[in-house]
Each structure stands twice: as C-alpha cells, then as structure tokens.
1. Please state which one of B:Gly187, B:Gly243, B:Gly218 is touching a helix residue (DSSP H, G or I) at 6+ places or on another chain (Cβ under 7 Å), at pLDDT 90 or above and farther than 26 Å from A:Thr208 by Cα.
2. Which residue out of B:Val44, B:Val39 is touching a helix residue (DSSP H, G or I) at 6+ places or on another chain (Cβ under 8 Å), more than 10 Å from chain A (Cβ to nearest Cβ) and modelled with pLDDT of 95 or more?
3. Considering only residues that are without any contact (Cβ under 8 Å) to a residue 40 or more places away in the chain and among the acidic types (Asp, Glu), look in the range B:150-175 and name the one that is nearest to the other protein chains (Cβ to nearest Cβ).
4. Can you tell me which residues in the range B:23-36 are closer than 12 Å to B:Ala157 by Cα and not aliphatic (A, V, I, L, M)?
5. Filter the range B:176-198 down to residues that are assigned to a loop (DSSP other than H, G, I, E, B) and surrounded by fewer than 18 Cβ atoms within 10 Å (Cβ to Cβ) and give me whichever is farthest from the other protein chains (Cβ to nearest Cβ).
6. Is there any pair with a first residue in the range B:103-129 that is farther than 20 Å from B:Pro89 by Cβ and more than 10 Å from every other protein chain (Cβ to nearest Cβ) and a second that is surrounded by fewer than 22 Cβ atoms within 10 Å (Cβ to Cβ) and basic (Lys, Arg) whose Cβ atoms are under 6 Å apart and which are 6 or more apart or on different chains, and what are they?
7. If A:Leu23 passes every condition in (1) closer than 18 Å to A:Ala127 by Cβ; (2) touching a helix residue (DSSP H, G or I) at 6+ places or on another chain (Cβ under 6 Å); (3) modelled with pLDDT of 95 or more; (4) not charged (D, E, K, R) but one, which one does it miss?
8. In the list A:Ser128, A:Ser123, which residue meets the criterion of being in contact with a Lys or Arg (Cβ under 9 Å, 6 or more places away or on another chain) and at pLDDT below 95?
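The values are calculated or read from the model by the stated rules, or taken from the named source; none is laboratory data. All figures in this text were calculated on a predicted structure; none of them were measured in a lab. Glycine also receives a Cβ, built like all others from the backbone with ideal geometry; neighbour counts cover every protein chain displayed.
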Number of protein chains: 2
Amino acid sequence: MATKRIELIGVTGLPEITPGDDLTRLFLDACRRENVSIVDGDVVVFTQKIVSKAEGCVVRLSDVEPSMLAHTIAERGEGGSKPTCGKDPRLVELALREARRIVRMDHGVLITETRHGFVCANSGVDASNVGADDVATTLPRDPDSSAQRLRDAIGVATEKRVGVIISDTFGRPWREGVVNVAIGIAGLSALCDYRGRVDNDGRSLTSTVIAVADELAGAAELVMGKLERIPVAVVRGFDLVPGADGARALVRDAARDLFR
Amino acid sequence: MATKRIELIGVTGLPEITPGDDLTRLFLDACRRENVSIVDGDVVVFTQKIVSKAEGCVVRLSDVEPSMLAHTIAERGEGGSKPTCGKDPRLVELALREARRIVRMDHGVLITETRHGFVCANSGVDASNVGADDVATTLPRDPDSSAQRLRDAIGVATEKRVGVIISDTFGRPWREGVVNVAIGIAGLSALCDYRGRVDNDGRSLTSTVIAVADELAGAAELVMGKLERIPVAVVRGFDLVPGADGARALVRDAARDLFR
C-alpha cells in the first residue's frame, strides 16, 4: 500500500476583510500570489471570523445596550479561566441575543446553545481581530449556506470541485484548550461512517463514526495561527466523501445528548 | 510571509503488534520501507491500540467475570447510537474496572472517568482490531510515560528530536462523531497559549489557549483510517513548542469542570 499523504497549506496575504467583500476573489488572489493552485478535491477551510465579516455579521458595541442579566453575568465573570466575553457586558448581551438556550453559566464561563444548535462559549461572539476596537462578530446566520456559496464561487472561478469548511475554535468539557471545529460545510460529508464495515479481524466496527470535518478544521488550524494573518487553509490529498449533510449533521440531537 | 505548509504522512506496513513488540523498531522499519526519513521536529502519532498491545494492555475476555452491574448495563445498552461496549457484559466489566468514576450511564452509553482523568466512552476499552476474537485492549497505564519512552527510543535510533503523541478516538458532548485526541504526549507542549499576546488590532487574546496536541492527533487520523492498517502517522512542518506538560495538561481539573 502506498504511503498516504495530506498537505496543509496556510494561505497568507489576505487583506483585512470588511462587510461586502468578495471572499472568494480575495482568497483566490492570495492563492495566486502565493503560487497555490486549487485542485479537485481540495478542502478549503475559512475561519468564521472572515466569513462573518464579509457577510456583515459585525456589531458596533456602542450600539448595544446591555440588559440587567448581561451586567450581572459580566460582573460574575471574574476568576474564570475563560472570562465571560472579556467581562464586557455589551459582549455578554450580544452572546445572550445569539443564544436560544443557556447551557451553563458558572465559573466565569457562559456556555450557550446558538440558533444553529452549536453549544459553545458566548454563542460564538468574538471581539478579537475585528479591525476596529468597538466591534464584535457574531456567527454567520446559516454557515452551511455560506460554505455552499463559497464552494460554488470557487467552482465557477477555478472550474475545480472543492470542499469548503467554515471553522471556529470551540472549548470542550473535560479537556483544556479550544480546538478548531467545523460550523459550516459544503461539498463533503461531515461524518465518516465505519459502522457495519469489518476490521482486520472480521469484527464489525459498530461504534465508529468519525467527525472528519472537525478533524479537517483542527488540522487547518495548525497552519493558521491566531497572531499571523492566515484565515484560510487548504487541505490537499484528503480522500473526501461527497455529501450534503452539512455541519448541522454534527449537532447532536438534544434528546440524545447527555450533557445539554 | 511565506506560505505555511504541514505534511501528514500515514505510515503503512506495520505488522500486527503483540505484547512485547519493539514498537519503535517496527515503526522505523516501516518508515525505511516506505522511504519516510524522520527529521527533527516531526511529530509521530501512534494510535493507542498498538501502544496498548505492545505494552501488554490486552485482556482475554474469557478471563473476565462480569459483575451484576456490568450485566445490567450491558442489557440496557440496546438502542443507543453508541452501544455500550458492543453489549458484551465482559467488555462493560472491563470498562468499570478501568473507571474511577461513572460520569453518565444512559441512552446505551457508558461515559467514565479513567484513572488518568480522561472522560470517554467505556474507559477507552476497545474490542476491535486486536488480533484474536476474544480479547480487548485497555488504555496504557501512563500514556505520557509511554510517549516519552517512544520519543527517547526514536531519538536514540535516529538521532532526531521528535515529538510523540499517543492518540485515541473520543466522543464529545453536543457533537456527533468521534475525533482523535491526544492521551499521551512527549517532546511538545500540549497547549499553545496565546493569552496576553496581542492580535492584529492590539487587542489582547485573553481566552485563546489552543489544544494543539488534540489538533495534531485529529490531523493524523485523516491519514490513518480505521480499516487500513495505518496505526502511525508523521506530522511534518508543525512549529512545535517544546514542553513536558504531557496529556495530563489537557485534563480539566474536576473543580473547574462544569460537565463532570
């Protein structure tokens, strides 16, 4: 069997993104400058931040009037390892507005369920790296559709069939640190299902469904880096399974979730 | 800025591992056959399964007498998306013996806290791919030490300074599918701490600690594949931060954990 190789390519040189920007064009321009030619089967991973910015999911904090609840949560945010939205009550207010449920609110952490069903800190509201000092980004309204639009546009511009993932860094219960995960997916299956298949010993692998889209997002983060301006990565050589299930397929149904 | 590239290399051609095998030698032999030369800074990711097998963390199921609790849990295992240890009461018994706490026991899922502090399904007990039909593997007793031994042995054999990760696939609350994570680490820091550093806009990134070892494990899984015999991968080009914190640094302290 030949050695299996995958390449992770961080695409540098994108400008600061602002609402209305054509992300596909800016990405492909950067690829051209860096001599990265897109090929069939590439998976292009965009950070949520630039997709949100391009789509105008940006809120001026001076326009946000925090509720009493937001003030209270922000004040209690002291001492946690992940301060609640940087303890700014306006950011907490935004997180509450983006939430359809509060999952936990303790130890200076605000864990919510977003409109999409994602469970994450502060509803994915983010104040870092947004250009001006007093703005925050919210998650794209429909990240699977955003991914599909990017995929279509890349397809039109390059005539290549790619997969697209929109990623964000989420915390996890039980484990320290955040990891990059997929919040929007187009052109590839989110999950790789080994159930019913047979392993080397003829035993069926009954419980193995791998969240490959999350692994791809995590892999992409390794070439991104928060402090360098690398908001897009290309994963080349991954044997993607076509699919249209989207990142919504990664959201566990609340009825089957033991920790919601 | 130059384009950042990382390569993931799945190392094929390792034989079936049995207790007492010299994993380093078998890995390096396979590398030689596949023309993969280890270089300084490579991160070598071994699946838990082969490390457990080499270390003799293998239990014959015919030697396991299930307790009443194990029988009860196994019987209730019907209908869940992840059947409890394949509903074999002997596997459930092993999972209970490997646990220091039961975190959840519902919907056909048994989530435990292992001796190491990892929270995962069935204490990491695994019956697939173990050679004979009636054996199971348990997690290495001290996976950080196992990783250190592998790192030292690779260093002696190749004169290269590498990082080593021992990985296993764990489920997550809220999200479908399992992802590969780090359960043992040597020669690199588990976490990349951006706190206090300043982003493009001069805003400090207060809450960003990235679990790079988990992202590296996930990336490695993309070239492994459960059905092919690729139990080791090399991650090349990752700018690792030296560290000795081990995978134990990834275990969130129970007092600060909102979901334990």
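1. B:Gly187
2. Of the residues listed, the single one that is touching a helix residue (DSSP H, G or I) at 6+ places or on another chain (Cβ under 8 Å), more than 10 Å from chain A (Cβ to nearest Cβ) and modelled with pLDDT of 95 or more is B:Val44.
3. B:Glu159
4. Within the range B:23-36, B:Thr24, B:Arg25, B:Phe27, B:Asp29 meet the criteria.
5. Across the range B:176-198, the extreme among qualifying residues is B:Gly196.
6. B:Arg115/B:Arg100
7. (1)
8. Result of the check over A:Ser128, A:Ser123: A:Ser128.
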